[in-house]
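Step one of this worksheet: look at the structure below.
Only the coordinates and a few stated rules stand behind these numbers; no lab work does. As the structure is a prediction and not an experimental result, all values here were calculated from the model. A quick note on method: Cβ atoms are made from the backbone with ideal geometry, for glycine too, and the neighbour counts reach across all protein chains shown.
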Amino acid sequence: MNTEFKEEQKPGKKILPRIIIGTVVLIGLLYLAKEVWYAFHHEETDNAQVEMRLVPILSRVSGYVDKIYVDDYSNVTRGQLLMVVDSSELVLQLKEMQADFNQSLSDIENAKASLTSAEATLAFARGNLEVIRMKQAKNTSDLARDNKLYAGNAITKRQLDDSQSNADVTAKQLEASQMDVKVAETKLEVLRSLVNKAQSQADIKQARIDQQKLKLTYCRIYAIADGKLGKRNVDEGQFIQSGAPLFTIVNNQSQWVVANFKENQLKNIHVGQLVQIRIDGFSSIDVQGKVISMSEATGARFSLLPPDNATGNFVKVTQRVPVRIEIIDAAKYKDILRAGISVIVSVPI
């Protein structure tokens, strides 16, 4: 009886593996069909990464670092004080410049005083010239009258000679007075130019003072954007040069994706199209995006040595074109998105 029961179970044992194999094959076919359908209705690339604005913080003055108030990967806000550069030498230079500027102000006052004196001298010379002109006019008139009187034997020869002498003297005095006026006018112009020169020098020194004060403000280095610091490149006591990079702020307020699609995929991609983004580190999270723009050149065109037949470095390969994708509701994913992390971008077609 046991033998009959075992014989009855044998057909069941043969059917079960077939059912399992059939189920696995069916699931595989369904998965394959899904993948094929997906491939025909989506353009996808895993050559994509998250991008953010990287804001460099540079030194605008040279000097020794006095104090640093932040550390690696610290959160910062716009206007936050990051570090201070020792300003002792700049302060001393500013005092020297201010003293030099004060000396320039004294030079201006001296030049103005000389100018005022020259103006008075010129006014006196012009007044004296007018007096001599009036004397000359009188002596010339007297000489003409005496000539008539002498012709009529009304005066003596000596009286006529006296009139002639007076006319000659006033003529010479008029020439000398006119020369005095010209000299005074020339001196006045020279002194005016000296006043202008002194004023210009004072303006230059004032501009240098303003520039030095501006340099002093550069000794206090502030964050120019909200975000998170990268690795800092400076320590307290270190000497830094003007223009040296000190920090980099990752501005996490602006996030987007750059996807490098193959050139034969672009025919199905256009601006404004919605896309699906999968983050490698968070594959269970689906992020939505939108195509904002596409590059006018392939990525290879921006390389140090772009491919070019004329130079013999051309190998025909499928090129990739950068496509910029806006992340919809990026603020929701602020805590998981990092600049440079890899993502997979899929564009429904």
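Any idea what angle helix 157-218 forms with the longest principal axis of the chain, computed on alpha-carbon atoms, 0 to 90 degrees, nearest 10? Here the helix axis deviates by roughly 20 degrees.
Taking Cα atoms, how many degrees apart are the long axis of helix 88-151 and the longest axis of the chain, rounded to 10 and kept between 0 and 90? Approximately 30 degrees, to the nearest 10. The H on the amide N of Ile328, modeled in the peptide plane, is under 5 Å from the matching H of Gln288, Gly289, Lys290, each at least 5 residues off or on a different chain.
The computed Rg and Dmax of the Cα atoms in Å for the structure shown corresponds, within (i) 21.5, 69; (ii) 19.1, 54; (iii) 48.0, 195, to (iii). Against the chain, whose longest principal axis is taken from its Cα atoms, helix 2-41 shows a tilt of about 20°. Note that the stretch 322-337 has calculated 3J(HN,Hα) couplings of x, 10, 8, 10, 7, 8, 6, 6, 4, 4, 5, 10, 4, 6, 10, 7 Hz, one per residue in order, obtained from phi through the Karplus relation 6.51 cos²θ - 1.76 cosθ + 1.60 (θ = phi - 60°); glycine and proline are x. Each of Val25, Val250 was scored by other Cβ atoms within 10 Å of its Cβ. Listed from fewest to most, they are Val25, Val250.
For the stretch 88-218, the Cβ-based charge dipole about the Cα centre amounts to some 260 debye (Lys, Arg positive; Asp, Glu negative; other atoms uncharged). Sorted fewest first by neighbouring Cβ atoms within 10 angstrom, Lys187, Lys157 come out as Lys157, Lys187. Within the stretch 88-218, how many Lys pairs sit with Cα atoms under 25 Å apart, leaving out pairs fewer than 8 places apart on the same chain? Summing the qualifying lysine pairs gives 27. When you count the other C-beta atoms within 10 angstrom of each residue and take the mean per peptide, 280-287, 132-139 line up highest first as 132-139, 280-287. Sorting Leu129, Leu304 by the number of Cβ atoms found within 10 Å of their own Cβ, with the fewest placed first, yields Leu304, Leu129. This model, with +1 at the C-beta of Lys and Arg and -1 at the C-beta of Asp and Glu, gives the chain a dipole about its Cα centre of some 480 debye. Every helix of 4 or more DSSP H residues in the chain counts as -39500 (n - 2.57), and over all residues that averages to -18000 deg cm²/dmol at 222 nm. In order along the stretch 338-349, the Karplus-derived 3J(HN,Hα) couplings, from 6.51 cos²θ - 1.76 cosθ + 1.60 at θ = phi - 60°, round to 10, 4, x, 6, 7, 9, 10, 10, 10, 10, x, 10 Hz, and Gly and Pro are given as x. Remark on His42: its backbone amide H falls under 5 Å from those of Ile349, a criterion applied only to residues 5 or more positions apart or on other chains, H modelled at 1.01 Å from N. Close amide-amide hydrogen proximity is noted between Gly63 and Ile240, each under 5 Å apart and 5 or more residues distant or on a separate chain (H modeled in the peptide plane; Pro and chain starts excluded).
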